[in-house]
1. Hey, does segment 497-518 have a residue that's farther than 21 Å from residue 672 by Cα and of a type in the set (A, V, I, L, M, F, W, C)?
2. Go through segment 99-140 and count every residue that is open to solvent by 50 Å² or more (accessible area, probe 1.4 Å), closer than 11 Å to residue 79 by Cα and within 43 Å of the chain's Cα centre (by Cα).
3. Being in a helix (DSSP H, G or I), open to solvent by 60 Å² or more (accessible area, probe 1.4 Å) and closer than 24 Å to residue 449 by Cα narrows it down to one of 254, 258, 222, so name that one.
4. Scan segment 29-49 and report the pairs whose first residue is in contact (Cβ under 8 Å) with a residue 60 or more places away in the chain and whose second residue is open to solvent by 10 Å² or more (accessible area, probe 1.4 Å), with Cβ atoms within less than 6 Å and a gap of 6+ or a chain change.
5. Applying the selection to segment 466-491, what residues are farther than 25 Å from residue 652 by Cα and either at pLDDT below 90 or open to solvent by 50 Å² or more (accessible area, probe 1.4 Å) (or both)?
6. Report whether or not residue 693 is free of Cβ contacts under 8 Å to residues at least 40 places away in the same chain and within 20 Å of residue 519 (Cα to Cα).
7. Can you spot a residue in segment 638-655 that is surrounded by fewer than 18 Cβ atoms within 10 Å (Cβ to Cβ) and in a strand (DSSP E or B)?
8. Which of the strands (runs of 3 or more DSSP E) found entirely inside segment 400-479 contain at least 1 residues meeting this: farther than 28 Å from residue 643 by Cβ and touching a residue at least 40 places away in the same chain (Cβ under 8 Å)?
Amino acid sequence: MQTELQGQLERITYHNDENHYTIARLKVRGRRDLVTIIGSLVSVAPGEMLSLKGTWSMHPKYGEQFKIETYETLVPATVGGIERYLGSGLIKGIGPVMAKRLVERFREQTLDVIEGSVGRLAEVEGIGAKRIEMIRTAWDEQKEVRNVMLFLQSHEVSSTYAAKIYKQYGKESITVVKENPYRLASDIFGIGFLTADKIAQKLGIPRDSQIRAEEGILYVLQKLAEDGHVYYPRASLIEESIKILEIDTRIVEQALAQICLDRKVVIEEDRVYLSAFFASEKGIAENFGTLLDAQKSGSLLNRTAPFAWLEQELRISLAERQRQAIQEAIDHKALVITGGPGTGKTTIIRAIIMLYRKSGRNVLLAAPTGRAAKRMSEASGFEAKTIHRLLEFSPSKGGFKKNADNPLDADLIIVDEASMIDSILMHQFLKAVPLRATLVLVGDIDQLPSVGAGNVLKDIIASGRVPTITLNEIFRQSRQSLIVVNAHRINHGEFPYINSEKDTPQDFYYFQCEDPAEACGMVVEMCATRIPGKFGFHPSRDIQVLTPMHRGVIGAANLNQELQKHLNTSTVELARGGRLFKTGDKVMQIRNNYDRDVFNGDIGRIRTIDMEEQTVTVEFDGRPVSYDFMDLEEIVLAYAVSVHKSQGSEYPAVVIPLLTQHYMMLQRNLLYTAITRGKKLVVVIGTKKALAIAIKNNKPQMRYTGLTERLRSLKA
């Protein structure tokens with residue numbers, strides 16, 4: 001039986017940004033205890049008065065609950081309610097301290113003053129003209145956002161996304177959404193086709209409309225690109241699109257023809273490319289062809305490497321394969337060096353740099369990620385930059401300053417961790433490589449391929465058009481490391497050597513554990529006490545948990561929550577969309593943001609949370625970066641990260657949970673990548689069965705790319 005309930009929202013226990021499902025506590029007049037309410041609530045804040053309609057139910061574990069069917073928000077009437085409402089971070093410029101001052105001055109009239117006489121806020125200590133203007137703007141925006149949210153609430157759009165829609169389109173938000181909701185998918189990060197499609201259906205756009213079919217095909221191609229495919233076979237694409245859109249083949253074929261005419265896609269024989277990927281793949285091949293055809297400029301130490309001098313400078317004896325790689329870097333315009341850990345890649349890089357610098361040549365070093373660039377700098381002794389920073393991205397121009405018209409100033413460019421470079425980035429990079437330069441790509445093709453579309457390094461090697469040196473000899477000093485030895489054993493399909501705590505201290509340990517909950521507890525214990533106690537590593541700065549999956553008990557999401565509880569005792573925190581951030585938290589950027597100069601995979605620390613300014617400051621490699629509250633889905637906790645996200649990074653110690661629950665992700669290259677991230681210590685927690693499955697599964701997911709063929713077709 002439906003009943004009505006009215007009260008003041010005391011606190012939000014849980015909120016899901018995707019579907020608005022909320023668990024909250026309500027203070028109801030006449031009831032001594034707080035009432036638990038559950039259901040869909042959009043953009044509510046503690047202190048607000050809620051008028052609810054719904055039904056009572058009894059939960060076997062949590063007791064009496066009120067299930068919300070409909071509700072409306074009322075302006076808080078009490079002084080305490082107004083203070084909590086304003087201090088919740090709802091209005092930029094007003095935090096808990098300022099909210100207290102405001103209600104002490106204006107009491108029950110506080111909200112009326114902000115609404116109609118905002119200039120009177122100057123009567124409160126600490127509020128000047130600048131802050132008054134900030135509060136006025138934020139209050140007006142909040143009202144507009146509320147209007148947008150009321151409109152979107154019935155269309156299943158989260159409060160966070162509603163705020164983003166307003167930020168993108170302003171007062172035109174509702175008009176834009178009504179005219180073409182599919183614009184949201186391309187214009188706003190985090191709103192995909194499926195969310196936009198739900199809104200479109202609610203607004204009455206027919207399921208078999210041309211615009212839905214066109215946007216649907218583009219969405220399918222984008223999802224396939226996220227799986228690594230540069231193109232997709234035409235017949236398979238149509239089949240996938242029909243499956244998702246549930247419309248006739250004829251409509252999909254017409255839509256595909258139209259987006260081809262609109263140049264949103266390119267169809268080459270039976271291959272369908274998103275236009276950007278077609279241009280990139282074609283451009284990579286053409287740029288390599290031009291570079292390989294160019295003449296090697298001048299003599300370099302008489303074209304013969306002075307190995308005696310190099311060995312004296314490096315204080316080592318060079319192996320035959322290393323000598324060959326160094327000589328190839330002198331003889332050719334482009335070179336690939338590939339090999340696993342401990343095979344001497346770093347020594348070769350240092351030797352090549354020394355040779356070119358001795359000849360007065362300009363040398364540039366780069367890597368795909370900040371951590372990889374930092375590691376390259378430390379290992380080589382020379383400055384390395386990320387590829388993005390090397391190419392000098394300009395937010396105002398929306399592109400890289402370094403390109404074909406303004407190439408890099410270099411005679412030698414060495415790129416490390418080249419297996420991480422996807423098609424789009426490789427194309428942009430190669431455009432900026434001057435014809436006078438020699439290009440050396442260094443990487444390990446047995447690791448996971450790039451997160452973005454393509455399999456560039458592997459395709460380059462497979463084409464046979466670029467000279468390639470494969471290193472497979474493990475040097476003596478590296479053979480003493482079980483991390484290195486086991487990485488190579490796994491890569492050859494062999495079971496790793498298992499070391500227990502009872503044995504002589506080593507750098508690789510395995511702990512048997514079958515239950516996911518128990519494994520989760522063991523991971524936390526390892527990070528919080530056992531590893532710091534035995535090896536002296538800092539619990540969060542030095543130790544990185546790497547997991548094959550995001551979901552589940554031992555997925556990244558749950559592990560992050562558990563590790564945050566045990567490793568971060570800060571009381572300065574912010575709850576946002578069911579996620580909790582604290583000062584001191586280890587976080588990761590999950591998309592490229594050129595305006596902020598931070599990129600997918602960058603790891604930083606939360607330094608400040610400002611409730612009044614509604615900003616979170618994250619420090620990345622000593623550089624502070626500010627985020628508005630509504631942009632926080634760009635960062636996630638990073639005490640635990642997926643193995644894919646760890647590419648290009650090395651950590652003093654890694655902890656890897658590996659259970660059969662990860663079955664879908666258990667692949668040899670994933671396990672190999674995870675283990676090779678550990679510099680001084682690797683701890684695997686799980687079952688031998690899961691290890692065996694991963695080692696046996698040497699069939700990485702096939703990616704549709706045409707780069708190998710394009711390179712082979714170049715004139716020899």
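1. Yes, some residue in segment 497-518 is farther than 21 Å from residue 672 by Cα and of a type in the set (A, V, I, L, M, F, W, C).
2. Total meeting the criteria: 1.
3. 222
4. 42/149; 42/153; 42/159; 43/149; 43/159
5. Passing the criteria: only 470.
6. yes
7. Yes, segment 638-655 has at least one match.
8. Correct list: 412-415, 438-443.
The values are calculated or read from the model by the stated rules, or taken from the named source; none is laboratory data. Just so you know, these numbers come straight off a predicted model, no measurement behind them. Every residue, glycine among them, receives a Cβ derived from its backbone with ideal geometry; neighbour counts consider all protein chains shown. Surface areas here come from the heavy atoms of the whole protein model, side chains and all, with no ligands, DNA or RNA. Shrake-Rupley method; radii C 1.70, N 1.55, O 1.52, S 1.80 Å.
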